[in-house]
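Below is one structure; the comments refer to it alone.
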Amino acid sequence: MTTKKTRRSQAWYGKQDRDGFIHRSWMKNQGFPDHAFDGRPIIGICNTWSELTPCNSGLRALAEVVKRGVWEAGGFPVEFPVMSLGETQMKPTAMLFRNLLAMDVEESIRAYGIDGVVLLGGCDKTTPGQLMGAASVDLPTIVVSSGPMLNGKWQGQNIGSGTDVWKFSESVRAGDMSLQDFMAAEAGMSRSAGVCMTMGTASTMASLVEAMGLCLPTNAALPAVDARRAALAHLTGKRIVEMVEEDLCMSRVLTKASLENAILANAAVGGSTNAVVHLLAIAGRAEIDLSLKDFELGGDIPLLVNCMPSGKYLMEDFCYAGGMPVVLKELAGHLRPANTVLGKDISAYSDGAQCFNSDVIRSFDAPLKPAAGLRVLRGNLAPNGAIIKPSAASDHLLDHEGSAYVFESIEDLKANIDRPDLPVDENTVLVLKGCGPKGYPGMPEVGNMPIPRCLVEKGVRDMVRVSDARMSGTAFGTVVLHVAPEANAGGPLALVKTGDMIRLNAKEGVLELKVSEAELEARRKDWTPEAPHYSRGYAKLYIDHVMQADRGADLDFLVGKDTRPVTRESH
Ligand code: FES
């Protein structure tokens, strides 16, 4: 690659002066030759590899393969680490740090002399955090995902990440499974590198990245350890160099149309409720007008992908059945025309797609469930909205009225949920407060509250649950999530008392607290906000600036982008 086109990186490495000397000389201590700085595209490989993010443990090796592709295409690859977010390892919740990762990604991309970026992510919050940060800088950007783990195996059966943890733990509480068996399933569940192999948040976000055309086709479902993922990473390295040549910036791919395609795809794959907060936050960075209402677009799309938690198969099966290209082919009549990292319309992603297992990927004519997209709920209990995932809920509870039993905090829930005298029955609506963005803080995945032990023992496996929290993408149940405004921001959720009647109608999009306005007003006068749980550092910054779930829970001062050149030097 000998092109002399002036690139962004030349403002670092193309100068014949003291600043140019400093930028080049220190890089040369790694053995890079002169021609690495001859004006060729410099490609940043933004890596969230970490041993504390086990889902991303394959990314170190994958980065080396991306580099091969970059060199082959005449570019110069430079890998850099950013904060990694291990969903299963971080307390109080990885979501608290999604915006911090996004800041790290944004500032790293902007501060270094690179022309394009490959985002290596996978575990739940790493993909959205990277996309948010990259969107605020708007260089040519492409994603390589970790890929899912191999199917979990235990006692001769497939078991799914997360989904079977929730099922097994309820079986232990019901006395149907021994603690020894429960512990023995651990190693069989997670038996290779990669992300959760259910259609949890990680595989959801990877699927939506593919539907948005922000990666090469088939990226979402190829198992982490499949050699074809390495080949895809190699090809991605080649493609990002071409994207720089074509000046194919992220904003030419990430558009309102591509986000709408993501919403449609989320319905078809039975994707995670977490996609809502992430897509809203990504749209905010890209200055695209996306609101909760736009998610109603997916309401009539049937569930096509038969993967846990909405179905029975796992991501390995989804891959072998044909993966996202087949889903995009089925959705063809609904998808918006939208550009992709290939520089072609999204329809190119399903060229030649063929379904090899019609039970794993259903057709529009024979779906797993009709009209399975997420439902947006409104009413006096959630003036700014809430959501529910009907495909993972119990049909008989989707139109339900019951009296509330209120847990004022997560500690209250943990202390009392197993009380034998808890005054609840299968019609009770469990309410949990204090788990929103500000309150917890970080909006953890606790919305799928455990069923009270006294009911589990009677065989009850689902109830209506309402909170300002999120739910793991691997979880299931008739769970109303993301109630906005949250209790700690003074939302009506803060005013609910045990015994109040609550009405849910998912089809009509209603979430109603059947208490008079006058009574609510009286309760509001008595309400005092809880003191924040943190008073210093990033957590304080987060509590002070986080927006509510209906705005994607980004920090208010991070919305939008700054694409100005960095002109000031360090010395
Ligand atoms: Fe990392 Fe599920 S915990 S992807």
task: Report relative contact order for the stretch 434-543 in percent, whole number only (criteria: Cα-Cα under 8 Å, sequence separation at least 6).
output: 24
query: Roughly speaking, to the nearest percent, how much of the stretch 390-525's 1.4 Å accessible area is carbon and sulfur?
result: 48
field: Highest average packing first - 199-207, 60-68, Cβ atoms within 10 Å
entry: 199-207, 60-68
query: Against the longest alpha carbon principal axis of the chain, how many degrees, from 0 to 90 and to the nearest 10, is the axis of helix 18-28 turned?
result: 70
- prompt: With every protein chain left in place, what is the accessible area per residue of the stretch 197-312 in square angstrom, probe 1.4 Å?
  reply: 23
message: Compute the angle between helix 163-174 and the longest alpha-carbon principal axis of the chain, please, reported from 0 to 90 degrees and rounded to the nearest 10.
response: 30
message: For Ser409, what residues show an amide H to amide H distance below 5 Å, using hydrogens built from the backbone and excluding near sequence neighbours?
response: Lys433
query: Length gain on complete extension for the stretch Asp351 to Ala371, per 0.36 nm per residue less the alpha carbon to alpha carbon distance?
result: 4.6 nm
- request: Using amide H atoms built 1.01 Å from N in the peptide plane, name the residues 5+ places from Ala553, or on other chains, whose amide H lies under 5 Å from its own.
  value: Met547, Gln548
Modelled FRET efficiency - R0 25 Å, Lys28 with Arg60, Cβ distances, 0.05 increments: 0.60
task: Could you tell me what percent of the accessible area of the stretch 1-97 is made up of carbon and sulfur, with a 1.4 Å probe and every protein chain present?
output: 55
- prompt: Taking Lys344 as the anchor, which lysines have their alpha carbon closer than 17 Å to its alpha carbon, excluding any fewer than eight residues away along the same chain?
  reply: Lys238, Lys256, Lys329
message: Please compute the length gained on full extension between Asp418 and Ala184, using 0.36 nm multiplied by the number of residues separating them and subtracting their Cα-Cα distance.
response: 81.8 nm
task: Within 10 Å, count the other beta carbons around each residue, average over each peptide in 97-103, 28-34, and list them highest first.
output: 97-103, 28-34
- prompt: Which order, highest average first, do 11-20, 216-225, 114-123 follow once you tally other Cβ atoms within 10 Å for each residue and take the mean per peptide?
  reply: 114-123, 216-225, 11-20
query: Residue by residue through the stretch 280-289, which ³J(HN,Hα) values in whole Hz follow from phi under the Karplus form 6.51 cos²θ - 1.76 cosθ + 1.60 (θ = phi - 60°), with glycine and proline marked x?
result: 4, 5, 4, 4, x, 5, 7, 6, 10, 7
message: Taking 41 Å as R0, compute the FRET efficiency from the Cβ-Cβ separation of His545 and Lys514 and round it to 0.05.
response: 0.75
message: As a test, work out the antiparallel percent of DSSP beta bridges whose residues both lie in the chain, rounded to the nearest 5.
response: 40
message: Under 5 Å between amide hydrogens, which residues at least 5 positions from Val78 or on another chain qualify, with H placed 1.01 Å from N in the peptide plane?
response: Ile43, Gly44, Ile45
- request: Pop out the carbon and sulfur fraction of the accessible area of the stretch 245-311 as a percent, whole number, probe 1.4 Å.
  value: 45
query: Using θ = phi - 60° and the Karplus form 6.51 cos²θ - 1.76 cosθ + 1.60, what ³J(HN,Hα) does each residue of the stretch 9-17 get, whole Hz, x for Gly and Pro?
result: 5, 5, 5, 9, 9, x, 8, 9, 8
task: Tally the DSSP beta bridges in the stretch 424-555 and give the antiparallel ones as a percent, rounded to 5.
output: 45
task: Quick one: what are the phi-derived ³J(HN,Hα) couplings along the stretch 313-326, Karplus 6.51/-1.76/1.60 with θ = phi - 60°, whole Hz, x for glycine and proline?
output: 8, 10, 4, 4, 5, 4, 4, 5, 7, x, x, 4, x, 6
task: Return the FRET efficiency for the residue pair Leu398, Ser358: r is the Cβ-Cβ distance, R0 is 22 Å, and the value is rounded to the nearest 0.05.
output: 0.20
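The values are calculated or read from the model by the stated rules, or taken from the named source; none is laboratory data. As the structure is a prediction and not an experimental result, all values here were calculated from the model. Cβ sites come from the backbone with ideal geometry, for glycine too, and all protein chains shown count toward neighbours. Surface accessibility is based on the protein's heavy atoms, side chains included, excluding ligands, DNA and RNA. Shrake-Rupley method; radii C 1.70, N 1.55, O 1.52, S 1.80 Å.
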